[in-house]
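K.L.:
Handing you a structure now.
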Amino acid sequence: MKFDVMLTGVGGEGVLTTQVMIARAANIEGHYVRGVQLHGLAQRGGVIPTFIRFGSEKEVSSPGIMQANADLILAFEALEAVRATYYARKEKTTFVINDYPLVPIYASLFNIPYPTMSEIVRRIKPFAKQIHVFRTSHLGREKFGSAIFGNTILVGIVTGLGLLPLKADSLREAIKVTAPREMENNIKAFELGLQLGKEKRSARRVT
Amino acid sequence: MDVLEEPGKKVVLLGNEAIVRGALEAGVGFVAAYPGTPSSEVPMTFSRIAKKVGLYFEYSSNEKVAFEAATGAAWSGVRAMTSQKHFGLNVAADSIPPVAYTGVRAGFVVMVADDPSAWSSAQTEQDTRYYARMFKMPMLEPSNPQECLDYTKLAFDISEEFEIPVFLRTTTKITHSIGTVRLGEMKKPKIRGRFQKDPDKYYNLKPHLQVLHERVNEKLKQIEEKYGQKLNTVFPGEGKIGIITSGVSFEYAKEALLELGLKPPIAKIVLTHPISKSFVSNFIKDKEAVLVLEELEPILENFVEQIAKEANPNLVIHGKDLLPKSDEYNLERVIPALEKIFGKKLGIDFNDHKKKVDSASKNLTPRKPVLCPGCPHRSTFYAVKKVFGDEAIYAGDIGCYILGALDPINMQDFIVSMGAGIGVSHGIGIVSDQDVVAFVGDSTFFHAAMPAILNYRFNNAGKTPLVVVLDNAITAMTGHQPHPGSGFTGMGEKVEPVKIEDVVRALGAEVKVSNAFSQKQLIQALQELKSIKGPKVLVSRGGCRLLTRRQFHAKGLAIPIFQIDQEKCTKCGICTNDFACPAIVKATVEPRGETVYSINPDICLGCAVCMQICPEGAIHIAKREGEK
Ligand SMILES: Cc1ncc(C[n+]2csc(CCOP(=O)(O)OP(=O)(O)O)c2C)c(N)n1
Ligand code: SF4
Ligand code: SF4
């Protein structure tokens, strides 16, 4: 068994913490885990493509995912979902996008406007089995006082939707060790996401 | 923390964390390092746990000093370690070979991280494996976090057994990769020792120098004999074509072969210096062809070529004929090379997919790294450009301010190495009449800039450049490590911070200090300094804003945020196009298609500089709702 998750977003959004969270949950379930974080310059508002791979030790060894081979792509920033298509293909990849634009300074500097959400979805479609869009950063700010909780909400959503083959309990346990300072809110954020995911799953409303 | 988990447990660690755990299992007692990504999490992890574990850790002022300190400990019988990125090894390089000759008493591991593809560097893609050959030191190369742990531990043993410092060489996709790691027993560190005088060991003047030189040659020979077979592995397989590989390339080879359904024999080399001749020759002697998979330089490949002359002259050797010498490898690069050699297809057209991706991303708003919202460097750059204009030459350096190389700042005309902007500017100032401004960070100032400023004073000729020290009180770029001006050490002890202006005065230059967040102060200081002849330095002081925010959060305080008054805003675009704080967003608002400038409250870090540069006075402080 092998499952390839890609997280993408912008430096400072908490993508790396989310990677550690999911990796720990996979470890709790006894999977062999690989992955890579790419920081450095990217910490300063650049793109952070991040991978988590889990499954059997025999099948998983490269730290990065092969082109066109991600099972699941979580985009914490909407625009970056488009650049992640490099790792996606129609038969295999599900996109879950946080509708939260962090407009790069180049939008105004070079006059290349930030695309609308429907434009983003249109560009991704040829590479996606399914596309789900949520506004988790807004929800995070609204419910827990900071957009950063949107990440944990999103992880809850994909778990609820059944898109991340890990148990909710493993993720709860991973959250506790990964974010001890903000544990309470993170657990609440996860439960909220889980609920939203389950509801959407039962309603079978797939965009 | 996972690094300190119980033995026997399986945890997920970053390669750099696994290296720390390996060192702890080897009982390391002394660690000194200067940060450099992709090695930075090694010292950062040590810094976090040193007190708890009871070992000594320091952030040294540069890599050379760190290496020397660790040498002193290893010479005195305490297991020691130093870590750095590839360029750091260039800085330490002067002190390393004599220590390889004299040898050590306790185990001494020199960890170095290369950065193929330059994920965390500018400058070059140097391959430090050459250093092992030049300096006559053994080199071990892990492939994944588990091996990071195992081989760090083993490197200490080899070092102590043969009394020689040992390199542990990694690359970004190893140190920054995560992986499942099984933990072993930690050893209580020995932290006290004694230096014993021993001319036979340390006296490296002629003719004893040649004795030491022969000794190190002999040690390498013995290491090759003892560990050449033990450390390198052959994974048996089918057919007459073999793979020879090391480091992260092994991980790619393994997975790529599985994808392609191929099972050729693989020789994995962990001890990449000295490479075992018998190991390689045994592997290649019955093969028709081999593919050597290694990133950057064809070091293994050249070695195989040399051995093949005797062991198997008809062997066809592939490597850099199919794969690049620059950039990094990955599955998409390795698979086509295997496809060619084995004549088997995976059925994915990587190029075709790439074309489709490019067309889907056409005209997409680009995103590049930028200085954080509220960064003091942006404010300093803005003021310097106001005073010196577009024509002045702006010497760059390597810190967060390297991002000043990008639009719209464009004030890093060249970047050589840490501290080099000041040195290069000296030459430009002497042969030309151009205005030159050399930027340098505070950590970089202590690391490498002081001799260059001293040289301005000593050889006070031509038009002396203005040095601008961007003093944000921390080594920000590599993850906020303290330096001599920060006021605390790697062990978290408070110390009196060294003031850069005091050092500059002692070096013999004029100095002015300005608040980095005050455009008025900056411009006044810059104008005054501009008219001064001779060595001159502006210290632009303002804390790293990202760190300030963290400190605010830790104290439960809210950082102030700013807002644009839509009534007053004339949409001139200065705040986005010239100043370019990423928190300020220009957007078109439907339904009327009106352009609106606003500040994103999630990312504004409240530096108040946009308020100063807005010609309409349209920006003012706002209250952040629900701020935690
Ligand atoms: C010889 C060498 N060592 C380490 C590094 C890694 N590195 C890049 S920038 C930097 C220091 C940045 O600190 P500072 O000068 O204070 O600037 P800041 O990032 O805080 O703005 C370091 C250590 C390097 N590029 N070269
Ligand atoms: S105060 Fe202005 S310049 Fe400073 S971070 Fe906020 S928006 Fe950016
Ligand atoms: S980390 Fe600090 S110094 Fe670096 S860009 Fe951000 S605010 Fe500026």
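K.L.:
Starting from residues that are surrounded by fewer than 24 Cβ atoms within 10 Å (Cβ to Cβ) and not aliphatic (A, V, I, L, M), keep the ones in segment B:72-94 and report whichever is nearest to ligand 2 (Cβ to nearest atom).
P.N.:
It comes out as B:PHE87.
K.L.:
Within segment B:477-500, count every residue that is of a type in the set (A, V, I, L, M), at pLDDT 95 or above and touching a helix residue (DSSP H, G or I) at 6+ places or on another chain (Cβ under 7 Å). Lay out the reasoning, then the answer.
P.N.:
Of segment B:477-500, the ones of a type in the set (A, V, I, L, M) are B:477, B:491, B:495, B:498, B:500.
In the following step, the residues that additionally are at pLDDT 95 or above were identified as B:491, B:495, B:498, B:500.
Going one step further and asking which of them are touching a helix residue (DSSP H, G or I) at 6+ places or on another chain (Cβ under 7 Å), we end up with B:491, B:500.
The qualifying residues number 2.
K.L.:
Among (1) of a type outside the set (Phe, Trp, Tyr); (2) within 16 Å of ligand 3 (Cβ to nearest atom); (3) buried (at least 23 other Cβ atoms within 10 Å of the Cβ), which single condition is B:HIS480 missing?
P.N.:
If we test B:HIS480 against (1) of a type outside the set (Phe, Trp, Tyr); (2) within 16 Å of ligand 3 (Cβ to nearest atom); (3) buried (at least 23 other Cβ atoms within 10 Å of the Cβ), just (3) comes out false.
K.L.:
Only one residue in B:THR489, B:THR464 is more than 16 Å from ligand 3 (Cβ to nearest atom), closer than 21 Å to B:GLN527 by Cβ and in the same structural domain as B:ALA405 (by TED's automatic domain parsing). Which one?
P.N.:
Values: B:THR489 fails: closer than 21 Å to B:GLN527 by Cβ.
Answer to the check: B:THR464.
K.L.:
Go through segment B:471-496 and report how many residues are small (Gly, Ala, Ser) and within 16 Å of ligand 2 (Cβ to nearest atom).
P.N.:
Summing the residues that are small (Gly, Ala, Ser) and within 16 Å of ligand 2 (Cβ to nearest atom) in segment B:471-496 gives 1.
Listed here are the residues, each with its yes/no results for (1) more than 7 Å from chain B (Cβ to nearest Cβ); (2) surrounded by fewer than 24 Cβ atoms within 10 Å (Cβ to Cβ); (3) among the small types (Gly, Ala, Ser).
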{"site": "A:GLU57", "(1), (2), (3)": "yes, yes, no"}
{"site": "A:VAL82", "(1), (2), (3)": "no, no, no"}
{"site": "A:THR93", "(1), (2), (3)": "yes, no, no"}
{"site": "A:LEU102", "(1), (2), (3)": "yes, no, no"}
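K.L.:
Out of curiosity, is B:ASP352 in the same structural domain as B:LEU466 (by TED's automatic domain parsing) and free of Cβ contacts under 8 Å to residues at least 40 places away in the same chain?
P.N.:
Values: in the same structural domain as B:LEU466 (by TED's automatic domain parsing): no; free of Cβ contacts under 8 Å to residues at least 40 places away in the same chain: yes.
Answer is no for this residue.
K.L.:
Taking segment B:265-277, which residues are surrounded by fewer than 23 Cβ atoms within 10 Å (Cβ to Cβ) and closer than 18 Å to B:ALA289 by Cα?
P.N.:
Passing the criteria: B:PRO265, B:ILE266, B:LYS268, B:LYS277.
K.L.:
Also, I was wondering about something else. Looking at B:ASP349 and the list (1) within 15 Å of ligand 3 (Cβ to nearest atom); (2) within 11 Å of another protein chain (Cβ to nearest Cβ), which single condition is not satisfied?
P.N.:
Just one mismatch for B:ASP349, condition (1).
K.L.:
Which one of these does B:LEU209 not meet: (1) within 21 Å of B:GLY36 (Cβ to Cβ); (2) in a helix (DSSP H, G or I); (3) out of contact with any helix residue (DSSP H, G or I) (no Cβ under 6 Å at 6 or more places or on another chain)?
P.N.:
(1)
K.L.:
Further, regarding this structure: Look through segment B:525-547, keep the residues that are out of contact with any Gly (no Cβ under 6 Å at 6 or more places or on another chain) and within 14 Å of another protein chain (Cβ to nearest Cβ), and return whichever of them is nearest to ligand 1 (Cβ to nearest atom).
P.N.:
Keep residues of segment B:525-547 that are out of contact with any Gly (no Cβ under 6 Å at 6 or more places or on another chain), which gives B:525-544, B:546-547.
Adding the requirement that they be within 14 Å of another protein chain (Cβ to nearest Cβ) leaves B:544, B:546-547.
On the way: B:CYS544: 6, B:LEU546: 10, B:LEU547: 9 Å.
My answer is B:CYS544.
K.L.:
Here's another thing I want to ask about it. Among the residues of segment B:315-328, are any in a helix (DSSP H, G or I), among the β-branched types (Val, Ile, Thr) and either within 30 Å of the chain's Cα centre (by Cα) or more than 30 Å from B:LEU470 (Cα to Cα) (or both)? If you could, list the steps in order and put the result at the bottom.
P.N.:
Let us first name the residues in segment B:315-328 that are in a helix (DSSP H, G or I), namely none.
No, because not a single residue in segment B:315-328 is in a helix (DSSP H, G or I), among the β-branched types (Val, Ile, Thr) and either within 30 Å of the chain's Cα centre (by Cα) or more than 30 Å from B:LEU470 (Cα to Cα) (or both).
K.L.:
When the residues of segment B:412-445 are narrowed to those that are within 16 Å of ligand 1 (Cβ to nearest atom) and surrounded by fewer than 24 Cβ atoms within 10 Å (Cβ to Cβ), which ends up farthest from the other protein chains (Cβ to nearest Cβ)?
P.N.:
Only one residue fits best here, namely B:GLY423.
K.L.:
Same structure again: Give me a count of the residues in segment B:1-54 that are within 22 Å of B:PHE87 (Cα to Cα) and acidic (Asp, Glu).
P.N.:
2
K.L.:
How many residues, within segment B:244-274, are free of Cβ contacts under 8 Å to residues at least 12 places away in the same chain and assigned to a strand (DSSP E or B)? I'd like the intermediate steps shown before the answer.
P.N.:
First pass over segment B:244-274, keeping only residues free of Cβ contacts under 8 Å to residues at least 12 places away in the same chain: B:258.
If we keep only those that are assigned to a strand (DSSP E or B) as well, we get none.
Result for segment B:244-274: 0.
K.L.:
Something else: Go through the residues of segment B:388-404 one by one and say whether even a single one is more than 16 Å from ligand 1 (Cβ to nearest atom), among the acidic types (Asp, Glu) and either in a helix (DSSP H, G or I) or within 11 Å of another protein chain (Cβ to nearest Cβ) (or both).
P.N.:
Of all residues in segment B:388-404, those more than 16 Å from ligand 1 (Cβ to nearest atom) come to B:388-393.
Within this subset, residues satisfying the condition of being among the acidic types (Asp, Glu) are B:390-391.
Right, trim to either in a helix (DSSP H, G or I) or within 11 Å of another protein chain (Cβ to nearest Cβ) (or both) and you get none.
So far as segment B:388-404 goes, no, none of its residues is more than 16 Å from ligand 1 (Cβ to nearest atom), among the acidic types (Asp, Glu) and either in a helix (DSSP H, G or I) or within 11 Å of another protein chain (Cβ to nearest Cβ) (or both).
K.L.:
Any residue in segment B:486-502 that's within 24 Å of B:ALA50 (Cα to Cα): show its pairings with residues that are of a type in the set (A, V, I, L, M) and surrounded by fewer than 17 Cβ atoms within 10 Å (Cβ to Cβ) at Cβ separation under 7 Å, as long as the two are six or more apart or on different chains.
P.N.:
B:GLY487/B:VAL495; B:PHE488/B:VAL495; B:THR489/B:VAL495
K.L.:
Pick out the one residue from B:GLY534, B:GLY542 that is within 16 Å of ligand 3 (Cβ to nearest atom), within 30 Å of B:ARG505 (Cβ to Cβ) and touching a Phe, Trp or Tyr at 6+ places or on another chain (Cβ under 9 Å).
P.N.:
Details: B:GLY534 fails: within 16 Å of ligand 3 (Cβ to nearest atom).
Of B:GLY534, B:GLY542, the one residue that is within 16 Å of ligand 3 (Cβ to nearest atom), within 30 Å of B:ARG505 (Cβ to Cβ) and touching a Phe, Trp or Tyr at 6+ places or on another chain (Cβ under 9 Å) is B:GLY542.
K.L.:
Among the residues of segment B:63-82, how many are under 17 Å from B:PHE46 (Cβ atoms) and not acidic (Asp, Glu)? Don't jump to the end; show me each part of the working.
P.N.:
Step one: list which residues in segment B:63-82 are under 17 Å from B:PHE46 (Cβ atoms), which gives B:63, B:65-67, B:69-70, B:73-74, B:78-82.
If we keep only those that are not acidic (Asp, Glu) as well, we get B:65-67, B:69-70, B:73-74, B:78-82.
Qualifying residue count, segment B:63-82: 12.
K.L.:
For segment B:38-137, please list each of the strands (runs of 3 or more DSSP E) lying entirely inside it that holds at least 1 residues being touching a residue at least 60 places away in the same chain (Cβ under 8 Å) and among the polar types (S, T, N, Q). Spell out how you get there, then give the answer.
P.N.:
On the way: elements: B:56-59, B:80-85, B:108-114.
Where strands (runs of 3 or more DSSP E) fall fully within segment B:38-137 and carry at least 1 residues being touching a residue at least 60 places away in the same chain (Cβ under 8 Å) and among the polar types (S, T, N, Q), they are B:80-85.
K.L.:
Sticking with this one: Being closer than 24 Å to B:GLY606 by Cβ, among the charged types (D, E, K, R) and buried (at least 21 other Cβ atoms within 10 Å of the Cβ) is the filter here; which residues of segment B:359-411 pass it?
P.N.:
Once the filter is applied, which keeps residues that are closer than 24 Å to B:GLY606 by Cβ, among the charged types (D, E, K, R) and buried (at least 21 other Cβ atoms within 10 Å of the Cβ), segment B:359-411 yields B:ARG367, B:ARG378.
K.L.:
To continue, here is another question. Does segment A:42-61 contain at least one residue that is farther than 24 Å from A:LYS129 by Cα, touching a helix residue (DSSP H, G or I) at 6+ places or on another chain (Cβ under 7 Å) and either among the hydrophobic types (A, V, I, L, M, F, W, C) or part of a loop (DSSP other than H, G, I, E, B) (or both)?
P.N.:
Taking segment A:42-61 and keeping what is farther than 24 Å from A:LYS129 by Cα, we get A:42-46, A:56-58, A:61.
If we keep only those that are touching a helix residue (DSSP H, G or I) at 6+ places or on another chain (Cβ under 7 Å) as well, we get A:44, A:61.
If we keep only those that are either among the hydrophobic types (A, V, I, L, M, F, W, C) or part of a loop (DSSP other than H, G, I, E, B) (or both) too, we end up with A:44, A:61.
Checked segment A:42-61: at least one residue is farther than 24 Å from A:LYS129 by Cα, touching a helix residue (DSSP H, G or I) at 6+ places or on another chain (Cβ under 7 Å) and either among the hydrophobic types (A, V, I, L, M, F, W, C) or part of a loop (DSSP other than H, G, I, E, B) (or both).
K.L.:
Could you grab me the full set of residues in segment B:472-487 that are more than 8 Å from ligand 1 (Cβ to nearest atom) and away from chain A (no Cβ under 14 Å)?
P.N.:
Of everything in segment B:472-487, those that are more than 8 Å from ligand 1 (Cβ to nearest atom) and away from chain A (no Cβ under 14 Å) turn out to be B:ALA473, B:PRO482, B:PRO484, B:GLY485, B:SER486, B:GLY487.
K.L.:
Return only the number of the condition from (1) among the basic types (Lys, Arg); (2) outside any strand (DSSP E or B); (3) modelled with pLDDT of 95 or more that B:LYS533 does not satisfy.
P.N.:
Here B:LYS533 clears every test but (3).
K.L.:
For segment B:335-384, which positions are under 26 Å from the mean Cα position of the chain (by Cα) and more than 16 Å from ligand 1 (Cβ to nearest atom)?
P.N.:
Residues satisfying the conditions are B:PRO366, B:ARG367, B:LYS368.
K.L.:
Can I ask one more? Under 22 Å from B:ILE191 (Cα atoms) and within 14 Å of chain A (Cβ to nearest Cβ): which single residue out of B:ALA18, B:ALA50, B:ALA70 fits that description?
P.N.:
Working: B:ALA50 fails: within 14 Å of chain A (Cβ to nearest Cβ); B:ALA70 fails: within 14 Å of chain A (Cβ to nearest Cβ).
Among B:ALA18, B:ALA50, B:ALA70, only B:ALA18 is under 22 Å from B:ILE191 (Cα atoms) and within 14 Å of chain A (Cβ to nearest Cβ).
K.L.:
Go through (1) touching a residue at least 60 places away in the same chain (Cβ under 8 Å); (2) within 11 Å of chain A (Cβ to nearest Cβ); (3) more than 22 Å from B:LEU526 (Cα to Cα); (4) hydroxyl-bearing (Ser, Thr, Tyr) one by one and return the number of the condition B:SER359 breaks.
P.N.:
(1)
K.L.:
Give me the pairs: first residue in segment B:12-33 and among the aromatic types (Phe, Trp, Tyr), second residue in a helix (DSSP H, G or I) and at pLDDT 95 or above, beta-carbon distance under 7 Å, and six or more apart or on different chains, which are they?
P.N.:
B:PHE30/B:ALA70; B:PHE30/B:ALA73
The values are calculated or read from the model by the stated rules, or taken from the named source; none is laboratory data. All values derive from a computational prediction rather than experimental measurement. FYI the Cβ positions are ideal-geometry reconstructions off the backbone, even for glycines, and counts take in every protein chain you see.
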